[in-house]
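Single-structure report; data block below.
Each value in this text was obtained by applying a stated rule to the coordinates, not by laboratory testing. Keep in mind that this is a model prediction, so the values were computed, not measured. Because the Cβ atoms are built from the backbone with ideal geometry, glycine has one as well, and the counts that use them run over all protein chains shown.
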Amino acid sequence: MRKPRLLSALALLMIWLASAWTVRVGAQNADAKVLAEFKAKVDAYDALRKDLAKKAPPLEKADDPHEIAIAEKALAEQIKIARANAKPGDIFTPETQRVFKRLLSPTLKGDEGVENKTVLKEDRPPAAKIPLRVNGEYPKDQPLSTVPPDMLRALPPLPEAVQYRFVGKHLILYCTRGNLIVDYMLNAIP
Amino acid sequence: MRTSRHIRLAGLLITFLTATLVVAAQDVTLPRKQSTLKFAVIGDTGTGDSNQYRVAKVLAAARQTFPFEFVVMVGDNMYGADNPRDYEKKFEIPYKPILDAGVKFYAALGNHDSPNQKQYKLFNMNGQRFYTFKPKDGVRFFALDSNYMDPEQLQWAEKELKASGSDWKIAFFHHPLYSSGERHGSDTAMKDQLEPLFQRYSVDVVLTGHDHVYERIKPQKGIQYFVVGNSAKVRKGDLEEIGLTAKGFDTGYGFMLVELDGDQFHFQVISDAGKTIDSGTVVRNRQPNAPANAAPDTVTVPKPPAKK
């Protein structure tokens, strides 16, 4: 009498484990898909940036401050024209934002979380000083936030010319070559 | 009109002579040997204000007696805007006598610096935000971008440190892994990433800024750390007593002179008033690429300031 009961309990446990595993794998697959889409969009931006850079004075060959300024400005103008219809959330889609918040969450917990929050609090510029606009220029008189290494490890890697930076609690995708905000995500951290 | 120009010229001449006399009065006491590697360290410089200019003049005057070959900049090279005029006002004009003498500057990026500064020829970054250079056999410098320590940079640092068979490994970047500065202090998040690498590959000396003070840290796990963030800005009274400081200076501006002679790293820190703030010698007693904990670590032997 006892044996069948034990067997059915075991069977139930296995069903529960299998369904939990399926849900987890499903969630992971869904995250992987979202991150792959994010990567594809960032790569597309970078490809566009590289293409437009051919029409602007080459920054790589600029070594004089005037040349650097001219190259940066010219590239920024080209990007603004080419991405005139870009909107907030084109790259940081709602799904991407959900996954990013989940990826960032562990970096804000425990002792390391305290360290990371300290770094962020110290160096990030106040949001009021930086207008969050897609294709908006990052104000030259404001510092760029230091991003804790833990966070950079948690987030998907970016092409060399694009970086994650924080503005207050908001995360931006920053184009270093054109000094532009590519996209932004409000309240990425609590 | 002409009189006012004469007055301005006379003023500039007096300032220059004062700076020269100030440094001459306070001897540069490094060994000052013939064939040693000599360099200077400045940090948090790019204000374009009179404090930066005053320190720059004393630095130029120090070079008369201590002909350093290059200058290491530990970041915040350009506060505020970095338009072409800013490059002149915050770098080219204050350091003109040194630049004119053919001295190279090697910059690291600070949190106030645009990433595109890496293109600027006079910062010698060759378009890279992190890079390495070897000014002499047996000595290698590693410039890191501590604003954005991504996995790619960490991998690069490990590869370069591992490949370097140099006797001396000197890293420089903006954020201090150790600092008693109240404003910023030790960057523990960065320390967790970099310190194990520095230990594993026997980095000897780390030069940083960010906190606007001078601080020599008590050797940590065999590594000598310096904060030189007071070459144009000072946060007075910012150093806290937290047991890290071997020597601190938070009441004035300054820069560091270094002379590498065999296993000895001689340093002298000079204030904008030409006074010696700190001096001493870091002695290397490790074999190249030996683990940092395999032998007694770098030893700092402070020397008293020279008396006149």
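Here is the link list: B:Lys57/B:Lys89; A:Lys87/A:Lys140; A:Lys73/A:Lys169; A:Lys109/A:Lys169; B:Lys136/B:Lys236. Which ones come out longer than 26 Å on Cα distance? The partial results should precede the final answer.
Values: B:Lys57/B:Lys89 14 Å; A:Lys87/A:Lys140 23 Å; A:Lys73/A:Lys169 28 Å; A:Lys109/A:Lys169 16 Å; B:Lys136/B:Lys236 37 Å.
Result: A:Lys73/A:Lys169; B:Lys136/B:Lys236 exceed 26 Å.
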In nm, spacing of pseudo-spin labels at A:Lys54 and A:Ala30 (7 Å Cα→C-beta vector)
4.1 nm
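Kindly state, to the nearest 0.05, the FRET efficiency for A:Ala40 paired with A:Val114, given R0 = 22 Å and r defined as their beta-carbon distance.
Working: r = 35 Å, r/R0 = 1.60.
After rounding, the FRET efficiency stands at 0.05.
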Modelled FRET efficiency - R0 41 Å, A:Ala9 with A:Asn187, Cβ distances, 0.05 increments
0.35
How far is helix A:65-82 tilted off the main Cα axis of chain A, in degrees rounded to 10, range 0 to 90?
60 degrees
0 to 90° range, to nearest 10: angle between helix A:94-104 axis and chain A longest Cα axis
80 degrees
Under 17 Å Cα to Cα from B:Lys159, which lysines show up? Leave out anything in the same chain fewer than 8 places away.
B:Lys134, B:Lys169
Shielding by other protein chains, B:70-83, mean Cβ within 10 Å:
2
From fewest to most C-beta neighbours within 10 Å, the residues B:Trp156, B:Trp168 line up as B:Trp156, B:Trp168
For region A:32-185 the mean separation of alpha carbon contacts under 8 Å (6+ apart) over residue count, i.e. relative contact order in percent, is 26 percent
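How much of the DSSP beta bridge set in region B:2-302 is antiparallel, as a percent to the nearest 5?
On the way: 37 of 57 bridges.
Just about 65 percent of them are antiparallel.
What does the charge count near A:Asp46 come to, summing +1 for each Lys or Arg and -1 for each Asp or Glu among other residues with Cβ under 12 Å from its Cβ? Let's see the in-between values first.
Values: positive: A:Lys39, A:Lys41, A:Arg49, A:Lys50, A:Arg177; negative: A:Asp43, A:Asp51, A:Glu160.
Local charge sum for A:Asp46: +2.
How large is the helix-only mean residue ellipticity at 222 nm for the protein assembly as shown, computed as the sum of -39500 (n - 2.57) over DSSP H runs with n ≥ 4, divided by its residue count, in deg cm²/dmol to the nearest 500?
Using -39500 (n - 2.57) per qualifying helix, the result is -11500 deg cm²/dmol.
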Euclidean distance between Cα centres, region B:207-243 to region A:158-183, Å:
30 Å
With a point put 7 Å past each Cα toward its Cβ, work out how far B:Glu69 is from B:Glu240 in nm, to one decimal.
4.1 nm
Report the charge-dipole magnitude of chain A in Debye, nearest 20, computed about the Cα centre from +1 at each Lys and Arg Cβ and -1 at each Asp and Glu Cβ.
1100 debye
What are the ³J(HN,Hα) couplings of region B:183-196, residue after residue, when phi is run through the Karplus curve with 6.51, -1.76, 1.60 and θ = phi - 60°? Round to Hz, x for glycine and proline.
5, 10, x, 5, 8, 6, 5, 6, 4, 4, 8, 8, 4, x
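Which whole number gives the average, over all residues in B:176-189, of C-beta atoms from other chains lying within 10 Å of the residue C-beta? If you can, show how the numbers build up before the last one.
On the way: counts 0, 0, 0, 0, 0, 0, 0, 1, 4, 2, 2, 8, 8, 16.
Mean inter-chain Cβ contacts per residue within 10 Å come to 3.
For B:Thr245, A:Thr93, what's the fewest-to-most ordering of other Cβ within 10 Å of each Cβ? Working shown, then result.
Values: B:Thr245 20, A:Thr93 16.
Sorted ascending by nearby Cβ count, the order is A:Thr93, B:Thr245.
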